[in-house]
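S.K.: First the structure, then my questions, so here it is.
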Amino acid sequence: MTDLLSAVRARLSAMFSGLVAWASNLSAAKLAWGGLALAGVLLLSVNLISSNVFGNWKADLTEDRLYSISPGSVAVLQAMDEPIAARVYFSRRLGELAPSHARYFERIRSMLEEFSRISGGKLQVEYLDPEPFSDAEDRAVASGLTGRRLNAEGEMGYFGLSATNSTDGHELIAFFSPDRENFVEYEITKLIHSLSSPEKRRVGVISALPLDGGENPMTKQQTPAWGIMAQIREFFDVEKLAEDVTEIPNRIDVLLVAQPKGLTAQAAYAIDQYVLKGGKVVALIDPMPEASQFHLMQVPGEGRAELTKLLKAWGLEFDPTKVAADIRNARRVQFGRGSEGTVTEFVAWLGLSGDNINNQDVLSQGVDNLNLASSGYLTQVPGASTTITPILTTSTDAMEVSASHTGMGSNPLGLLRDYKPGGKSLTLAARVSGEARSAFPGGQPKDDTDLGTGAAGDAKDGDKTEEAKPAAEATPGPNHVASGPINAIVVADSDILADQFWAETRQMMGRQFVIPHAHNAAFIVGALENLTGSDDLIALRGRGIKDRTFTRVEELRRDAERQYREKEQALTERLKSVEQELEKLQSAAAAGNVIVSDKEREAIDGFRNQMVETRRELRQVKLALRQNIDSLDGWLKFANIALVPLLIAVVGLGWTAWRSRRRPSAKP
Amino acid sequence: MRDTLSNAYIIAKREFAAYFATPLAAVFLTIFVAATGAFAFYIGGFFDRGQANLHAFFAYHPWLYLLLVPAVAMRLWAEERKSGTIELLMTLPISPTEAILGKFAAAWAFIGLALVLTFPMWITVNYLGDPDNGVILASYIGSFLMAGAFLAIGAFISAMTKNQVIAFILAATVCFLFVTSGMELVQNSVRAWAPRFVADGVATMSFLTHYEQITRGVLTLDSIIFFLSLIAFALFANAIAVSQKKSA
């Protein structure tokens, strides 16, 4: 060993002796600057190498661990039972033009390397640079990737992922849009999940909502499908079932009953039996389905009698004439147009977060904010045998308002003015489990005409006809199940599904990207998944959507709004009456048939002054709406830009002066 | 090594205290805190955005540092050279490395103090809403590392000249190139004449790219290595410049 080392040393000395001799003849300055040049090369090399080698090494300090692999992804990757081949296409030229894409690509690459490691090598990833007119570009196009034009010559850049499994299943991310970077882990995990579990569960949908689009009865125009359906279809095979279905097929793994318009008694019985025999259901029932009011042509209280009856059997009472209003969770809305437009808190449109979402329930994992509109509420039937666990609740300041005051033509200002906190929390969504009895103790109803509970019957009686007429029910058949353990999730709102309340769609390169701003879809898909026993993606789905607004400012705005709207109404009424009085006097005087006395003239002048004064007060009230917020803004600016620097200056200068005075006195 | 660090620490302490011997420190700290606040509120629209994060605050740090850090760095060596105290410093029983490390550490700590004094912004955002404090912590670390890189470059340039104004302008220019090297404009002009690996190297050296990565809330090892290696390189260059001037 020693011999070997000596030999190496001798060899190296021989090799470098020339270099050393040459360097020793150089001036110190030349040597120093030469050393600096070498250090520069070393610096570049270290950074080029470290950016490639240490891409995975990081400390993720974000609250939701957005840059770390979540347990949901780990579970999906470890459950892979067949290899998946993924190809990531990234045009180098695209990264040169937009470094943000290059950085994003690096993130995806390091994530996929980690994914591959966790999957035990089952996920094989290949990286390709689809240069213009290359084979790789042809493959990218053939896979369905979307390109971005790079220059005037029409060369295209690609940044997407194509993956296949052993049975030729194919999944694709056509372009990694930076807008959706927060959701990239979820998207890739979802893709792997669908390739590794090609057998999708089946969800049966019973709904009168235009979930897959339809014709708007007012404009006669086609409306697009709701985004929630695309989200559901990513994980489930969807089978639409009619509202007069007589039996829920066995192939249905979970049933989604969303705001039926005319559920027949036969269909209700079918659902009842399906649930009691172990079927799972997510039910949405809404006193005022705002997003689809035209489609349903519904007035409050119509069309949900059978579902209400089923809920009652499961231990839940639902009042279709009442809506839950909550000042503490009210969303700000703009209504009216142009100069008449007003922005205010709409107490019937709720944005739920924090304590209003039960954090003990698996569904709340990753769900931080949900938007509901004119939601109803659920109460437990006294003595119910089932267990009701609230999932979504209002604050304790909630109140009940009539459903007819919401929806089209509602007056948010009026609702705000009349708001009186009810002092109790209302349940907006709940999980129901435990032993329940059939809603049809007498067995399958003969037909709907007997019952009078179809759509026509509903229109007549509304949901007040919750109790079906026993006479219409036949004796229980041999397959009738009188009771059984049930498992359902009930939400007293159907607008939770509508696009306008949880997402916006953006166009990029001819493709539509859905950018969620609330967790509505995550919540619903999570509910379906949870009931079918797959919880892996539930927490992951909501990551990256977190609304962090200035809650303090929102509170101020809300308080100011309530305070001033009342004043505004009183002043407006006073103004109206003054105007009327003035008009009366003036028109009598203008007609010339009345001699205006001095006293009346004084009265006219007085009214005029009152009118001017009232208008001025009204203006001030409107101005005062923003006063508190503006003053907070002003204070914070003052504190951060002036006050603190001023304190630093005073302390600093004082310290310097003290030191300089102390120094001479320290001398002997 | 231990002696080097202990000597460097003694110099750092002395230098740090020296900052407060004149009102200049208070002036600098005042300007720094006022400017970061003003940029966040007026240019970044911190309050109007209504979002409980400090993006509007941190986004302007690279551009503020372009002016403020070279102002701290310019006097590190240029002043010593102009007044001739560098000779005195070099006669002390300390090595140039110790002096360089000590001076740099003091200046970096001083800028760190300036950053700490922006804590009212952190209080403000926590008062207004519920921010992700992990992201804010990462952003402060990223900002501090970037300030160190700015400072090391400024110190090196300060050692090259007797004139503080020239040191300031040159340092600001070089730092500007480092800030913008990842931008499309700079990349295109580099790619026009340089081979690809050079262009890649230039892109890798961008302050903005690494800083933005950290301000998202994730401290990546390659970004930390980038800032620390750049500081090490600039301090090495600083040492060469000082020793050259000493021997000249």
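The values are calculated or read from the model by the stated rules, or taken from the named source; none is laboratory data. Fair warning: this is a prediction, and the values are worked out from it, not measured in the lab. We place every Cβ from the backbone using ideal geometry, glycine too, and count neighbours over all the protein chains shown. The accessibility values were calculated without ligands, DNA or RNA, using every heavy atom of the protein model including side chains. Shrake-Rupley method; radii C 1.70, N 1.55, O 1.52, S 1.80 Å.
S.K.: Computed on protein heavy atoms with a 1.4 Å probe, what is the summed buried accessible area for the chain pair B and A, in Å² to the nearest 100?
M.R.: Details: alone 12780 and 34870 Å², together 42250 Å².
When B and A are taken together, about 5400 Å² of accessible area is lost.
S.K.: Next up: Does anyone have the angle between helix A:520-531 and the longest principal axis of chain A? Alpha-carbon axes, 0 to 90°, nearest 10?
M.R.: Once rounded, the angle reads 90 degrees.
S.K.: As I understand it, the dipole of the range B:109-248 uses +1 on the Cβ of Lys and Arg and -1 on the Cβ of Asp and Glu, about the Cα centre. Which of B:Leu185, B:Ala149, B:Gln244 lies farthest toward its positive end?
M.R.: B:Gln244
S.K.: With a 1.4 Å probe and all protein chains left in place, how much accessible area per residue does the range A:552-660 have, in Å²? Intermediate results must be reported in sequence, preceding the final value.
M.R.: Values: 7160 Å² over 109 residues.
Accessible area per residue, the range A:552-660: 66 Å².
S.K.: Does the range B:1-245 classify as rounded, prolate or oblate by the C-alpha gyration tensor (a ≥ b ≥ c root eigenvalues; a/c under 1.5 gives rounded; else a/b over b/c gives prolate, otherwise oblate)? Don't skip to the answer; put the middle values down first.
M.R.: Values: a/c = 1.88, a/b = 1.31, b/c = 1.44.
Oblate, since a/c reaches 1.5 and b/c is not below a/b.
S.K.: Now for a separate question. Report the net charge of residues surrounding A:Val46, where surrounding means a beta-carbon distance below 15 angstrom and charges are Lys +1, Arg +1, Asp -1, Glu -1.
M.R.: On the way: positive: none; negative: B:Asp200, B:Asp222.
With Lys, Arg at +1 and Asp, Glu at -1, the net is -2.
S.K.: Out of residues 5 or more away from A:Glu247 or on other chains, whose amide H comes under 5 Å of its own, with H placed 1.01 Å from N in the peptide plane?
M.R.: none
S.K.: Still on this structure: I want to check the label-to-label distance for A:Glu63 and A:Gln500. Put each point 7 Å from Cα in the C-beta direction and report it in nm to one decimal.
M.R.: Result: 3.0 nm between the two label points.
S.K.: A follow-up question, please. Given the Cα-Cα distance of A:Asp168 and A:Arg626 and 0.36 nm per residue of separation, how much length would full extension add, in nm?
M.R.: My answer for the length gained is 158.8 nm.
S.K.: Please find, in a Gaussian network model of chain B (springs between Cα atoms separated by less than 10 Å), the residue of B:Phe227, B:Phe168, B:Phe28 whose mean-square fluctuation is greatest.
M.R.: B:Phe28
S.K.: Between A:Gln569 and B:Val198, with labels modelled 7 Å along Cα→Cβ, what's the label distance in nm to one decimal, could you check?
M.R.: 7.5 nm
S.K.: Considering only B:Ser223, B:Ser95, B:Ser158, give the residue with the highest GNM mean-square fluctuation for chain B, with springs between Cα atoms whenever their separation is below 10 Å.
M.R.: Most flexible of the set in this elastic network: B:Ser95.
S.K.: Relative contact order for the range B:178-225: what percent, with Cα pairs under 8 Å and sequence separation of 6 or more?
M.R.: 40 percent
S.K.: Taking amide H positions as placed 1.01 Å from N in the peptide plane, with prolines and chain starts having none, which residues 5 or more places from A:Ile206, or on another chain, fall under 5 Å of its amide H?
M.R.: A:Leu241, A:Leu256, A:Val257, A:Ala258
S.K.: With the crude spin-label approximation of a point 7 Å out along Cα→Cβ, what separation in nm comes out for A:Ala242 versus A:Thr551?
M.R.: 5.0 nm
S.K.: How many angstrom separate the Cα center of the range A:341-386 from the Cα center of the range A:547-581?
M.R.: One Cα centre to the other: 26 Å.
S.K.: Moving on. Share of the protein assembly as shown's accessible area from carbon and sulfur, percent, 1.4 Å?
M.R.: Answer for the protein assembly as shown: carbon and sulfur cover 57 percent of the accessible area.
S.K.: Please calculate how many Å² of accessible area the range B:1-245 carries per residue, with a 1.4 Å probe and no DNA, RNA or ligand atoms counted.
M.R.: On the way: 9850 Å² over 245 residues.
Accessible area per residue, the range B:1-245: 40 Å².
S.K.: If you average the sequence gap of Cα pairs under 8 Å that are 6 or more apart and divide by the length of chain B, what percent do you get for the contact order?
M.R.: With pairs under 8 Å counted, the relative contact order is 26 percent.
S.K.: Moving on. In the Gaussian network model of chain B, springs joining C-alpha atoms below 10 Å, which of B:Met205, B:Met146, B:Met183 carries the largest mean-square fluctuation?
M.R.: B:Met183
S.K.: Moving on. Rounded, prolate or oblate: pick one for the range A:304-408, where a ≥ b ≥ c are the square roots of the eigenvalues of its C-alpha gyration tensor, a/c under 1.5 means rounded, and failing that, prolate if a/b is larger than b/c, else oblate.
M.R.: Values: a/c = 2.68, a/b = 1.49, b/c = 1.80.
Since a/c reaches 1.5 but b/c is at least a/b, the shape of the range A:304-408 is classed as oblate.
S.K.: Lys pairs in chain B, Cα-Cα under 15 Å, at least 8 apart or on separate chains: how many? Kindly include the intermediate steps, with their values, before the conclusion.
M.R.: Details: B:Lys13/B:Lys103; B:Lys82/B:Lys162; B:Lys82/B:Lys245; B:Lys82/B:Lys246; B:Lys162/B:Lys245; B:Lys162/B:Lys246.
Here the count comes out as 6.
S.K.: Something else: Taking Cα pairs under 8 Å and at least six residues apart, what relative contact order does chain A come out at, in percent?
M.R.: Values: 1154 pairs, mean separation 79.8, N = 668.
12 percent.
S.K.: Sticking with this structure for a sec: What FRET efficiency comes out for A:Val362 versus A:Arg601 if R0 is 56 angstrom and r is the Cβ-Cβ distance? Round to the nearest 0.05.
M.R.: 0.15
S.K.: May I ask what percent, to the nearest 5, of DSSP beta bridges between residues of the protein assembly as shown are antiparallel?
M.R.: If I count the DSSP bridges inside the protein assembly as shown, around 70 percent turn out antiparallel.
S.K.: Mind ordering B:211-218, A:246-253, A:107-114, A:371-378 by average Cβ neighbours within 10 Å, highest first?
M.R.: A:371-378, B:211-218, A:107-114, A:246-253
S.K.: Whole-Hz Karplus ³J(HN,Hα) for the range A:122-137, in order, using 6.51 cos²θ - 1.76 cosθ + 1.60 and θ = phi - 60°, x for Gly and Pro?
M.R.: Residue by residue, the range A:122-137 yields 5, 8, 9, 10, 10, 10, 10, 10, x, 5, x, 6, 9, 4, 4, 5 Hz.
S.K.: Could I ask something else about it? Kindly point out which whole DSSP H helices in chain B project their C-alpha atoms 15 angstrom or further along the helix axis while averaging a Kyte-Doolittle hydropathy of -0.5 or above.
M.R.: Membrane-span-like by this rule: B:2-19, B:24-38, B:61-83, B:96-116, B:133-160, B:164-180, B:221-247.
S.K.: In this model, which of A:Lys190/A:Lys280; A:Lys424/A:Lys567; A:Lys420/A:Lys637; A:Lys420/A:Lys567; A:Lys240/A:Lys277 are farther than 25 Å apart at the alpha-carbon?
M.R.: Pairs exceeding the cut-off: A:Lys424/A:Lys567; A:Lys420/A:Lys637.
S.K.: Work out the FRET efficiency for A:Ser404 and B:Thr4 from their Cβ-Cβ distance, taking R0 = 60 Å, and round it to the nearest 0.05.
M.R.: Efficiency, rounded to the nearest 0.05: 0.15.
S.K.: Oh, and also: Could you tell me the calculated FRET efficiency between A:Asp212 and A:Arg332, based on Cβ-Cβ distance and R0 = 41 angstrom, to the nearest 0.05?
M.R.: Once rounded, the FRET efficiency stands at 0.85.
S.K.: Once you order the gyration tensor axes a ≥ b ≥ c over the Cα atoms, which shape class does the protein assembly as shown get: rounded for a/c under 1.5, otherwise prolate or oblate by comparing a/b with b/c?
M.R.: oblate
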